[in-house]
1. So between Ala11 and Trp121, what do we pick up on full extension, going 0.36 nm a residue minus the alpha carbon distance?
2. Report the gain in length on full extension from Ile145 to Arg110: 0.36 nm times residue separation, minus Cα-Cα distance, nm rounded to one decimal.
3. Please list 3J(HN,Hα) in residue order for segment 148-160, calculated via the Karplus relation 6.51 cos²θ - 1.76 cosθ + 1.60 where θ = phi - 60°; whole Hz, with x for glycine and proline.
Amino acid sequence: MPPFHVIFTFAVLAMLVFAFGRVQVRRWRGRETRTRLASQPIIYREQVRARVRGTAGAWVDIKGGPAGIRMTVRTGSVDVELGAPFRRLGVFLGCDYHFDARDLTMHRERTGWAGLPVLTWDAIVLTSSDGAGRTVIGVHPRSGIAQALAALAAAGVHPG
């Protein structure tokens, strides 16, 4: 039987290859849409606090580090990603969301940390049901919700 450190090294390398492969597949699937939508004019861009709804239904904070999380609304798309200069790292950290506005619905909700009534804030909940599955993100813009709601409606996001 091989020594423990060999098995452990192999397991760690396998996990890294799996994680990197998953990121590359995600980027490859969305590259055509991202390229097409990135050329559209920006309607709204703002720093946001963001939470994603986990598989168990509880809200989990998306951490943006020193750059924060930025929501960009274009005429046909919505992006929630790390702010510059760390935007490319968001793919590896799970902070890189790009949506076609036609696939999104939005509503207001008071979200709490981990499903508890702790650290709550009013958020715009964006729900995407595209080919990659269902994604639910709650965003709270720093400048307030009214401008963001108007920009999302102008981009084509449906209330739901």
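1. This chain segment gains 35.6 nm when fully extended.
2. Taking 0.36 nm per residue and subtracting the Cα distance, the gain is 11.4 nm.
3. Karplus values, whole Hz, x for Gly and Pro: 5, 4, 5, 5, 5, 5, 5, 6, x, 6, 8, x, x.
Each reported figure results from applying straightforward, stated rules to the coordinates on display, with no laboratory input. All figures in this text were calculated on a predicted structure; none of them were measured in a lab.
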